[in-house]
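Every number in this text was worked out from the coordinates using simple rules, so none of it is lab data. These numbers were taken from a predicted model, which means no experiment stands behind them. Cβ atoms come from the backbone with ideal geometry, glycine included; neighbour counts cover every protein chain shown.
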Amino acid sequence: MRDHAVVIVGGGPAGLMLAGELALAGIDVAIVERRPSQDLPGARAGGLHARTIEVFDQRGIADRFISQGQIAQVAKFGSTGLDISDFPTRHPYGLGLWQNTMKRTLAGWVAELAVTMYRGREVIGFAQHSAGVDVRLSGRRKLGAEFVVGCDGGRSLIRKAAGIGFPGWDPTTSSLIAEVEMAEEPEWGVHQDAFGVHAFGRLEYEIVDGEIVYADTGPVGVMVTEEHVGSGSEPTLRELSAALTAVCGTDFRAHSPTWISRFTDMARQASAYRAGRVLLAGDAAHVHAPDGGQGLNLGVQDAVNLGWKLALVVKEAAPESLLDTYHAERHPVAARVLRNTWETDISADSARQSQPGSGPHDAGTYRT
Ligand SMILES: Cc1cc2nc3c(=O)[nH]c(=O)nc-3n(C[C@H](O)[C@H](O)[C@H](O)COP(=O)(O)OP(=O)(O)OC[C@H]3O[C@@H](n4cnc5c(N)ncnc54)[C@H](O)[C@@H]3O)c2cc1C
């Protein structure tokens, strides 16, 4: 039985964008999201690149994002800034905006469209047959769809259940990122030394003439490279203190964390973006170090490439083979990003190792 034409698993940025695209094309689409609310337990992406802002502009929603963020030249290769202000685009800049705000804004747009949202429900498996896919949800519920799209993040159940490989590299380095109170003041800004990259900044900031100007008080955003690759479990304040002490000789009496999370330089990409009636987009299809701030942007652009194609196939206005062009066009783009972030890491590592007194320490990774 068909409940929806398309079921999207995961209501992150990729899933929300795809749902919006399909709904605009008049397709009956539903999102299944296991989180009960839109809010993320911690900041992740810190901004949008020009192409993503252009895509939002094409949908008439760019101003919703621009009005809440800070425009700046953010494109970089390693530590080298790339000024795109003379690029032939209406948006020759990046936008500083936290992922939570972006997600809330995207979700607000999707809520105005005909998208069914199953919130607080987890997809636990699916069965694919010639006419569709039966998606199994927690609580013994099933949803029938013609197509299912896994936008369910790097640990994607949909990718695994579809038997799609995820070849790549295990992490060689990990970093902790957190929002905490600090009783002692660290040296603000981004620092690079033999340990890796670490950074401290007040959460509240403004961009003045392209430079970040931090507030004088309030919680501190911290990023610190760990001495050894951290475990996959949720990081603790104790681990953050240990990492800070190893790098700075003190933990600045960090306390009262709002959240602590860990990211690594693991780089993996799905070997296929489609397996019959199952497709992948966003982190479900590719994961990499956050250098250059590209992951969320990639996922939104995957969704835009896939959306109109899937809509035409559902409407039987195009053959299913159109869906294969999604892999053909988007797989090479993420492959380039994986290579680019890897090369950025290598160049950052060489820069550290050429510093006097530095040793062959872990490669670091940092976000922009
Ligand atoms: C520290 C850090 C900094 C980053 N900085 C940047 C940056 O500056 N710029 C940038 O572009 N990117 C950045 N990224 C990457 C960015 O956060 C991700 O690429 C982005 O969140 C991926 O979006 P997504 O929709 O593909 O997946 P996600 O955001 O992971 O969303 C997946 C959703 O699927 C849901 N889900 C998972 N499994 C199931 C299931 N079985 N059933 C139902 N729901 C399920 C999850 O609850 C989640 O809501 C950063 C990441 C980190 C960790």
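Here are the numbers for this structure:
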| quantity | calculated |
| --- | --- |
| Over the chain, relative contact order from alpha-carbon pairs under 8 Å, at least 6 apart, % | 22 percent |
| Equivalent ellipsoid semi-axes, the chain, via Cα gyration tensor eigenvalues times 5, rooted, Å | 36, 22, 20 |
| Relative contact order for the stretch 174-264, counting Cα pairs under 8 Å that sit 6 or more residues apart, in percent | 43 percent |
| Residue order, fewest to most surrounding Cβ atoms within 10 angstrom, among ASP265, ASP216, ASP63 | ASP216, ASP63, ASP265 |
| Among 69-77, 48-56, 81-89, the order from most to least packed when residues are scored by Cβ within 10 Å on average | 48-56, 69-77, 81-89 |
| Share, in percent, of DSSP beta bridges within the chain that are antiparallel, nearest 5 | 75 percent |
| Per-selection metrics, the stretch 170-249 (Cα): Rg and Dmax in Å | 13.4, 40 |
| Span-rule helices in the chain, defined as complete DSSP H runs reaching 24 Å or more along the axis (Cα) with Kyte mean at least 0.5 | 295-314 |
| Loop-resident sites, the stretch 173-251, for GluC sites (Glu not before Pro), counting at most 10 other Cβ within 10 Å (DSSP) | GLU184, GLU187 |
| Neighbour-count ranking [beta-carbon atoms within 10 angstrom, fewest first] of LEU323, LEU24 | LEU24, LEU323 |
| C-alpha center-to-center spacing [the stretch 163-207, the stretch 218-256] in angstrom | 9 Å |
| Packing-based exposure ordering (other Cβ within 10 Å, fewest first) of MET1, MET17, MET117 | MET1, MET117, MET17 |
